[in-house]
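See below for the structure under consideration.
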Amino acid sequence: MRRWHRELGLPVGLLYVAHRLLLAVSRGRARIVPYRLFAQPIGAGRYETVRNDPATEVRSVDRNTPVVGAFPRSREVNEKRFSEGHECWVALVKGEFAGHIWLARDRYVEDEVRCEYTWPSEPSCVWDFDVYVEPRFRMGRTMGRLWKGVDSALQGQNVLWSLSRISMFNPASSAAHASLAAVEIGRAIFIVLWSAQLAVSSIRPYASLTFSTGKGVPRLRLTAPPHPAGPRRAKAGAERSDR
């Protein structure tokens, strides 16, 4: 009891207790899914201290790249993501798969609850999801090198922000995002009761109640904050994209 109170704080800790109770009494058919929504600045110099490693390669892949067979997700999941137009960047250490980051360009349909995230075309943003590093590489700097490569590529494409969601029940991940200058831009809590879902968020439409996957899925339109590099960075990106 003291541990969840210390790590999550009282409000989120109580949510976690309610979530565990719902899971138990419903045999997994009811749960609470709370998210913090973050915007991480691209090109803000957060990875300058991460040293390059000649044995590590970071690059984008497609469905036909052999390394996709080493991904931790099923072939069906990977194929669905590529079919939806999502991009995948991988880290290879001596040619061995070490981790990946998936990116969505214009919208992202949540895979845990019924929700769709969208964002305006300006400033230029992406959505990052399923950030994964193989267990044997988690003690080194593979994650930092993977993000450094993705950050550099996105900066070259004039992207200013990478958006994402983090479970409120995962304070370590929220702290990691904060260390990268990520800014919290909203919150959303989903209460799933069998086929019904109640969504409450700090972003329009603020509240919704749905009963099936095909109708009334809430669409949260996210807005990025001012870039920490200032308006000059944003203006430069806009000018390059207009050429």
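The values are calculated or read from the model by the stated rules, or taken from the named source; none is laboratory data. All of these numbers come straight from a predicted model, not from anything done at the bench. All Cβ positions, glycine included, derive from the backbone under ideal geometry; neighbour counts span all protein chains shown. To get the accessible areas, we keep the full protein, side chains included, count just its heavy atoms, and leave off ligands, DNA and RNA. Shrake-Rupley method; radii C 1.70, N 1.55, O 1.52, S 1.80 Å.
For residue 175, project a label point 7 Å along Cα to C-beta. Then give me every residue of the stretch 6-26 with its amide nitrogen under 17 Å of that point.
Only 6-10, 12-13 pass the distance filter.
Multiply the residue separation of residue 187 and residue 67 by 0.36 nm, subtract the distance between their alpha-carbon atoms, and state the gained length in nm to one decimal.
Numbers: separation 120, 0.36 × 120 = 43.20 nm, distance 3.51 nm.
Extra length available between residue 187 and residue 67 comes to 39.7 nm.
Highest mean first, how do 24-31, 105-112 rank when packing is the count of other Cβ atoms within 10 Å averaged over residues?
Values: 24-31: 11.6, 105-112: 14.8.
For the peptides 24-31, 105-112, the packing ranking is 105-112, 24-31.
Grab the DSSP H runs of the chain that are 4 residues or longer, score each as -39,500 (n - 2.57), total them, divide by all residues and round the 222 nm result to the nearest 500 deg cm²/dmol. The partial results should precede the final answer.
Numbers: 6 runs with 69 residues, N = 243.
Result for the chain: -8500 deg cm²/dmol, rounded to the nearest 500.
Taking the simple approach of a point 7 Å from Cα along Cα-to-Cβ for both residue 209 and residue 122, what is their distance in nm?
Here the answer is 4.1 nm between the modelled labels.
For the stretch 1-152, what % of the accessible area comes from carbon and sulfur atoms, probe 1.4 Å? Walk me through the numbers before you get to the answer.
Numbers: 4200 of 8400 Å².
About 50 percent, which is the carbon plus sulfur part of the accessible surface.
Taking 0.36 nm per residue of sequence separation and subtracting the Cα-Cα distance, how much length would be gained by fully extending the chain between residue 84 and residue 25, in nm to one decimal? Each step should come with its number before you reach the end.
Details: separation 59, 0.36 × 59 = 21.24 nm, distance 3.60 nm.
My answer for the length gained is 17.6 nm.
Just to be sure I understand: with springs between alpha-carbon atoms less than 10 Å apart, which residue in 188, 39, 229 has the highest mean-square fluctuation in the Gaussian network model of the chain?
Maximum among the listed residues: 229.
At 7 Å along the Cα-to-beta-carbon direction for both residue 136 and residue 109, put a label point, then send me their distance in nm to one decimal.
The modelled label-to-label distance comes out at 3.6 nm.
Can you give the FRET efficiency to the nearest 0.05 for residue 219 and residue 17, using r as the Cβ-Cβ distance and R₀ = 30 Å? Please list the in-between numbers first.
Details: r = 30 Å, r/R0 = 1.01.
Efficiency computed from Cβ-Cβ geometry: 0.50.
Filter the chain for me: DSSP H helices, axial length by Cα at least 18 angstrom, mean Kyte-Doolittle hydropathy not below 0.5. List them by residue number.
Numbers: long enough: 10-26 (24 Å, 1.60); 142-156 (21 Å, -0.23).
Passing helices, by number: 10-26.
Take every Cα pair under 8 Å in the stretch 1-122 that's 6+ residues apart, average their separations, divide by the length, and report that relative contact order as a whole percent.
Over the stretch 1-122, the number comes to 15 percent.
Find the centroid of the Cα atoms in the stretch 144-180 and in the stretch 59-116, then give the distance between the two in whole Å.
The two parts, judged by their Cα centres, are 16 Å apart.
For the stretch 99-104, in order, what is each residue's ³J(HN,Hα) by Karplus, 6.51 cos²θ - 1.76 cosθ + 1.60 with θ = phi - 60°, in whole Hz (x at glycine and Pro)?
x, 8, 9, 9, 10, 10
Using the basic label-point model (7 angstrom from Cα toward the beta carbon), what is the residue 77 to residue 10 distance in nanometres?
3.7 nm
Quick one: how many Å² of residue 164 are accessible to a 1.4 Å probe, rounded to 10?
0 Å²
Between residue 202 and residue 94, take the C-beta separation as r, use R0 = 45 Å, and let me know the FRET efficiency to the nearest 0.05.
Computed FRET efficiency for residue 202 and residue 94: 0.50.
Given a 1.4 Å probe, how much area per residue of the chain is accessible, in Å²? Write out the running numbers ahead of the final one.
Numbers: 13500 Å² over 243 residues.
Each residue of the chain exposes 56 Å² on average to a 1.4 Å probe.
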